[in-house]
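What follows is a single structure, written as structure tokens, with notes after it.
The values are calculated or read from the model by the stated rules, or taken from the named source; none is laboratory data. This structure is a prediction, so every number in the text was calculated from the model and none was measured. Note that we place each Cβ from the backbone using ideal geometry, even for glycine, and neighbour counts take in every protein chain shown.
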Amino acid sequence: MSKPLVVMLGGSGFVGRHLAPKLTAAGYRVRVPSRAPERAREVACVPGVEVVACKVHDPDALTPVLEGAQVAVNLVGILNERGRDGSGFRAAHVTLTASLIEACRRQHVPRLLQMSALNAGRGQSHYLRTRGEAEALVRQSGLRWSIFQPSVIFGRGDGLFQRFAALLRMTPVLPLACPGARFAPVYVGDVARAFVAALGTREHEGQTFELYGDRIMSLREIVEYTARQLGLRRLILPLPDPLARIQAAACDWIPGKPFSTDNYLSLQLDSVGGIDGLHRLGVSKTAVDAVVPQLLGRGTRQRLLDRNRQVR
């Protein structure tokens with residue numbers, strides 16, 4: 001009997017690279033459609049994973065990719081868009097979800113696992129609003145769905161601790177907007193295990209799972225924690241709200257958008273969760289202290305070695 005096939009959109013991204021090997025270890029085959037297969041080399045190296053070229057936003061192109069699949073997983077998401085009107089978020093979150101649902105219907109794929117976010121549908125940010133709209137499409141799809149709402153996710157390749165580590169290495173002073181915004185960072189390996197666990201039984205269908213860690217940290221605490229792990233003494237300069245708004249508006253025009261007005265709006269809501277989805281799925285939580293020191297420690301050890309060489 002052939003192994004069940006999972007088609008995973010966004011499979012070459014941060015969560016997808018961690019989820020793919022856990023799916024294959026659990027006995028699934030994985031197919032990853034990608035607009036740029038050459039950028040998916042890491043996930044393509046996982047035994048049991050197939051990467052195929054596909055314009056995922058086109059349901060006509062996506063439909064044949066889903067042939068033979070029992071499960072579709074949508075991990076696609078963006079934290080910023082090129083413009084400021086929300087059209088980029090709508091395309092990535094809402095339009096793509098609608099295309100995937102249509103392709104699932106055409107190929108009679110019964111099961112859909114949808115990545116979302118804590119606070120989806122709340123607040124004023126385009127990011128959260130479009131996440132909520134995508135969730136509504138999934139709930140109304142007629143498919144056997146599960147939705148996952150994580151807080152900020154950490155782990156190898158993250159945009160949290162490692163992103164701030166890069167900034168802290170570059171500057172002695174870090175102006176920080178929304179320093180009091182609170183998060184419950186969740187380990188990417190736990191998120192991946194939650195997805196796999198949700199496939200294990202039909203009792204998890206039609207359910208939404210909040211995924212968050214066991215430690216609540218403000219944004220300032222996250223940055224200060226990162227600096228300590230790096231062995232750096234840095235001045236973290238909390239910005240009052242009017243200056244935070246100005247910083248966000250200015251960063252809207254910087255290529256790559258290290259921060260944005262939409263990020264600022266998202267940070268007005270604490271991302272800490274309420275009903276423990278990891279516990280409901282039987283997934284034990286991995287502590288920040290169990291991962292981040294090792295994650296950032298390699299750079300610290302290397303700098304110490306470099307300094308020793310200079311002394312010699």
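Being in a helix (DSSP H, G or I) and closer than 20 Å to L5 by Cα, is that true of even one residue in the stretch 68-77? Looking through the stretch 68-77, none of the residues is in a helix (DSSP H, G or I) and closer than 20 Å to L5 by Cα.
Just a yes or no: is a residue in the stretch 11-28 of a type in the set (A, V, I, L, M), modelled with pLDDT under 95 and under 25 Å from G132 (Cβ atoms)? Checking the stretch 11-28: not a single residue is of a type in the set (A, V, I, L, M), modelled with pLDDT under 95 and under 25 Å from G132 (Cβ atoms). Being in contact with a helix residue (DSSP H, G or I) (Cβ under 7 Å, 6 or more places away or on another chain) and closer than 20 Å to L128 by Cα is the requirement here; does A181 meet it? Here the answer is yes, as A181 does meet what is asked. When the residues of the stretch 189-240 are filtered to those that are in contact (Cβ under 8 Å) with a residue 12 or more places away in the chain and of a type in the set (D, E), the one that is nearest to A117 (Cα to Cα) is E210. Would you confirm whether or not the stretch 34-42 contains a residue that is in contact with a strand residue (DSSP E or B) (Cβ under 9 Å, 6 or more places away or on another chain) and closer than 20 Å to A98 by Cβ? Yes, because at least one residue in the stretch 34-42 is in contact with a strand residue (DSSP E or B) (Cβ under 9 Å, 6 or more places away or on another chain) and closer than 20 Å to A98 by Cβ. If you go through the stretch 162-196 and keep only what is in a loop (DSSP other than H, G, I, E, B), more than 18 Å from the chain's Cα centre (by Cα), surrounded by 18 or more Cβ atoms within 10 Å (Cβ to Cβ) and not small (G, A, S), you end up with C178, P179. Scanning the stretch 78-117 for residues that are β-branched (V, I, T) and either in contact with a Cys (Cβ under 9 Å, 6 or more places away or on another chain) or not in a helix (DSSP H, G or I) (or both) returns I78, V109.
If only residues of the stretch 241-286 that are in a loop (DSSP other than H, G, I, E, B) and in contact with a Lys or Arg (Cβ under 7 Å, 6 or more places away or on another chain) are counted, the one that is farthest from G159 (Cα to Cα) is V283. Residues of the stretch 23-40 that are without any contact (Cβ under 8 Å) to a residue 40 or more places away in the chain and not charged (D, E, K, R): T24, A25, G27, V30, V32, P33, S34, A36, P37, A40. In the stretch 56-80, of all residues being under 21 Å from the mean Cα position of the chain (by Cα) and of a type outside the set (V, I, T), the one that is surrounded by the most Cβ atoms within 10 Å (Cβ to Cβ) corresponds to A72.
For the stretch 197-240, the set of residues classified as crowded, with 16+ Cβ neighbours inside 10 Å, of a type in the set (A, V, I, L, M) and not in a helix (DSSP H, G or I) consists of L199, L211, I216, M217, I236, L239, listed by residue number. Against the test of being closer than 19 Å to L19 by Cα and either surrounded by fewer than 20 Cβ atoms within 10 Å (Cβ to Cβ) or of a type outside the set (D, E) (or both), the options V52, V109, V94 yield a single qualifying residue, V52. Applying the selection to the stretch 248-279, what residues are in contact with a Phe, Trp or Tyr (Cβ under 7 Å, 6 or more places away or on another chain), modelled with pLDDT of 95 or more and crowded, with 20+ Cβ neighbours inside 10 Å? Matches in the stretch 248-279: A248, D262, S266, S271, G277. Selection within the stretch 118-136: residues that are in a loop (DSSP other than H, G, I, E, B) and polar (S, T, N, Q). The member of this set that is nearest to the chain's Cα centre (by Cα) is N119.
Here F154, F164 are screened, and the one residue that is of a type in the set (F, W, Y), in contact with a strand residue (DSSP E or B) (Cβ under 7 Å, 6 or more places away or on another chain) and at pLDDT 95 or above is F154.
When V56, V51, V43 are screened for being in contact with a Leu (Cβ under 8 Å, 6 or more places away or on another chain), β-branched (V, I, T) and in contact (Cβ under 8 Å) with a residue 24 or more places away in the chain, only V56 passes.
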